[in-house]
Amino acid sequence: MNAWANIRTIMKRELAGYFTSPIAYVFLVIFLLLTGFFTFTIGNFFERGEASLVSFFTWHPWLYLFLVPAAGMRLWSEERRLGTMELLLTMPVTTWQAIVGKFLASWLFLALALLLTFPVAITVNYFGDPDNGVIFAGYVGSLMLAGSYLAVSCMTSALTRNQVISFILSVMICLFLILAGYSPVTDLLTRYASPVVVEVIAAFSVMTHFEGFQRGVLDTRDVVFFGSVIGFMLFVTGVIIRNQRAG
Amino acid sequence: MINVEHLVKAFGPKLAVNDVSFSVERGEVLGFLGPNGAGKSTTMRMVTGYYPPTSGRITIGGHDMVEDPIAAKRLIGYLPENAPGYADMTVNGFLNFCAELRGLQGDARKRAVHRAVELCFLENVLYQSIDTLSKGYKHRTCLAQSLIHDPEVLILDEPTDGLDPNQKHEVRGLIKRLGESKVVIFSTHILEEVEAACSRVIIIDRGRIVASGTPAELKARSPEGKLDEVFRAITLPDTVKHEPNHEVHA
């Protein structure tokens, strides 16, 4: 239970950190403006004439591509820049408790941002009779997707004390996770690697797994996929932090 | 209480700490003296469990730092070099956070924060955010953090760095008082500090211990009985070209 108390303490501090700086407010406002813009203007929410949130969720992988690394880039790089990492890791807490606490805080923050899009769900229920099960699955999928991107940002922010580098690396890796299953990319890869390798890389794409949720299917394999991405990235974060100290 | 045996830390091919051994018992104040880049901070980072040693053994109160780090870290209060703190937190928030990580809850936590605030004279800035503090206050905030759980072992990396003469005097007095019932290790490159606060001194140069003893013993090594002459005689300034096998990480 001691482990959970430590994780909770670190989580609380990190979450409060978002709200004591302007980051939280800037992020929330921009996130909500952009989701509104993409859903209603570019996604033609009304002209579609169907009671679903397809035009809302379709944009999430692309929207998150920039916004999630922006929320996660400071997690460890700020800690290194301020030197507080030395303070934190000489406390009686383990490295993984610190990693999980920080990750959960940011994920909770992203969940809050997602929760604030509830007017979209209300709108679609007001005008039509949508399948709210599908909408719920869409939200779960979106949260899992955000978590995966966030775990990537967590890893890249452990690499450097420079937040800009952390952000760019994270965007690149997330872009890879989107494009890995995208045919122009797989075609290019087949020229250099064996088909088995290409297939393995393509299986890493978040798009196919995210689409399952959008159709309203809560497939264990998709949940396991996102869970594994998160687990693996946090594990790599731990390895990076340990290696930096080992010299 | 603290036992360090044959400690080595390599950064790539460079040996930052090279075969350092010492032990400190309760009631002792051990001063780490040495030129910049001698390996003082690196040694302290290993003793506090931040850097894993390349080889060697560290035990704190019988707990091995590598095998049982949590139990060992519980006994230590640590002031890292440059006194880091979370810029966006208030002093009060920061101290409560540190107390919580030390396992202090409810009333015990309130009392601990209150005590640390009093010891380090932080009443005036309690609700100010850390990035708005002057260097002296920032330093004392981090010092308060290291005292918050009333630790058995205090490890202070340049505790008087950036303080004004009055504050320096206060902190030295505090170290001396705490040293009566605890184990204190602190590093400095100010020689008068060593005489004022230490019961024992270790001089480190280029990763090795080059001298150790009480301040009086060390002073006796020089004909005039001055510590800075001893210091200059046994350590090399960093402007001197060193031999490859003495290469040291700065």
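Throughout, read-outs are computed from the coordinates displayed, never taken from laboratory work. Just so you know, these numbers come straight off a predicted model, no measurement behind them. Cβ: placed from backbone, ideal geometry, glycine included. Neighbour counts: every protein chain shown.
Please identify, among A:G101, A:G147, A:G36, the residue showing maximal mean-square fluctuation in a Gaussian network model of chain A using a 10 angstrom Cα cutoff.
Fluctuation is largest for A:G36.
Which whole-number percent gives the relative contact order of the range A:2-246, counting Cα pairs below 8 Å spaced six or more residues apart?
It comes to 26 percent, rounded to a whole number.
Which longest run of chain B has no exposed loop site in it, a site being chymotrypsin sites (Phe, Trp or Tyr not before Pro) in a DSSP loop with at most 15 other beta carbons within 10 Å, and the site itself not part of the run?
That gives B:128-250 as the longest site-free run.
Which shape class, rounded, prolate or oblate, goes with the range A:2-246 when its Cα gyration tensor gives a ≥ b ≥ c as root eigenvalues, a/c under 1.5 marks rounded, and past that a/b bigger than b/c marks prolate?
Cα axes put the range A:2-246 in the oblate bin.
Evaluate the Kirkwood expression for the hydrodynamic radius of the range B:42-120, namely the inverse of the mean inverse distance over all pairs of different C-alpha atoms, and round to one decimal in Å.
Numbers: mean 1/r = 0.0704 Å⁻¹.
That comes to 14.2 Å for the range B:42-120.
Counting DSSP beta bridges in the protein assembly as shown, what percent are antiparallel, to the nearest 5? Each step should come with its number before you reach the end.
Numbers: 21 of 39 bridges.
Here the antiparallel bridges make up roughly 55 percent for the protein assembly as shown.
For the modelled label position 7 Å from the Cα of A:A111 along Cα-to-Cβ, which residues of the range A:133-153 have backbone nitrogen atoms closer than 11 Å?
Inside the label zone: A:143-144.
Using DSSP loop states and a limit of at most 15 other Cβ atoms within 10 Å to flag chymotrypsin sites (Phe, Trp or Tyr not before Pro), what is the longest stretch of chain A containing no flagged site?
With a cap of 15 other Cβ atoms within 10 Å, the longest stretch comes to A:1-181.
For the range B:16-137, what's the relative contact order in percent, using C-alpha pairs closer than 8 Å and at least 6 residues apart?
Once normalised by length, the contact order is 17 percent.
List the trypsin sites (Lys or Arg not before Pro) in the range B:15-120 that DSSP assigns to loop (not H, G, I, E or B) and whose Cβ has at most 15 other Cβ atoms within 10 Å. Which are they?
B:R26
When the helix-only estimate is applied to chain B (DSSP H runs of n ≥ 4, each -39,500 (n - 2.57), divided by the residue count), what is the mean residue ellipticity at 222 nm, nearest 500 deg cm²/dmol? List each step's numbers first, then the result.
Details: 9 runs with 87 residues, N = 250.
About -10000 deg cm²/dmol.
Given a Förster radius of 22 Å and the C-beta distance between B:D68 and A:F232 as r, what FRET efficiency does 1/(1 + (r/R0)^6) yield to the nearest 0.05?
Here the calculated transfer efficiency is 0.20.
Rounded to whole Å, give me the distance from the Cα center of the range A:116-142 to that of the range A:153-221.
If you average the Cα positions of each part, the centres end up 27 Å apart.
For chain B, what's the relative contact order in percent, using C-alpha pairs closer than 8 Å and at least 6 residues apart?
Averaging sequence separation for qualifying contacts and normalising by length gives 28 percent for chain B.
Can you give the FRET efficiency to the nearest 0.05 for A:V223 and A:I165, using r as the Cβ-Cβ distance and R₀ = 45 Å? Present the calculation step by step, with values, prior to reporting the outcome.
On the way: r = 32 Å, r/R0 = 0.70.
About 0.90, to the nearest 0.05.
What angle do you read, to the nearest 10 degrees and between 0 and 90, between the alpha-carbon axis of helix B:106-119 and the longest principal axis of chain B?
Approximately 50 degrees, to the nearest ten.
As a test of the formula, what do you get for chain A when each DSSP H run with n ≥ 4 contributes -39,500 (n - 2.57) and the sum is divided by the residue count, at 222 nm and rounded to the nearest 500 deg cm²/dmol?
One gets -25500 deg cm²/dmol as the mean residue ellipticity at 222 nm.
Please check: in the Gaussian network model of chain B (C-alpha springs, under 10 Å), which one of B:T235, B:T132, B:T141 has the largest mean-square fluctuation.
B:T132
Which loop-located trypsin sites (Lys or Arg not before Pro) does the range A:162-227 contain, where loop means any DSSP state but H, G, I, E or B and the Cβ has at most 15 other Cβ atoms within 10 Å? Write out the running numbers ahead of the final one.
Values: sites: A:R191, A:R215, A:R221; in loops: A:R191, A:R215.
Here the sparse-neighbourhood loop sites are A:R191, A:R215.
Nearest 10 degrees, 0 to 90: what angle lies between the long axis of helix A:132-159 and the longest principal axis of chain A (Cα atoms)?
30 degrees
Quick one: angle between helix A:2-20 and the longest Cα principal axis of chain A, in degrees between 0 and 90, rounded to 10, please.
That works out to roughly 70 degrees.
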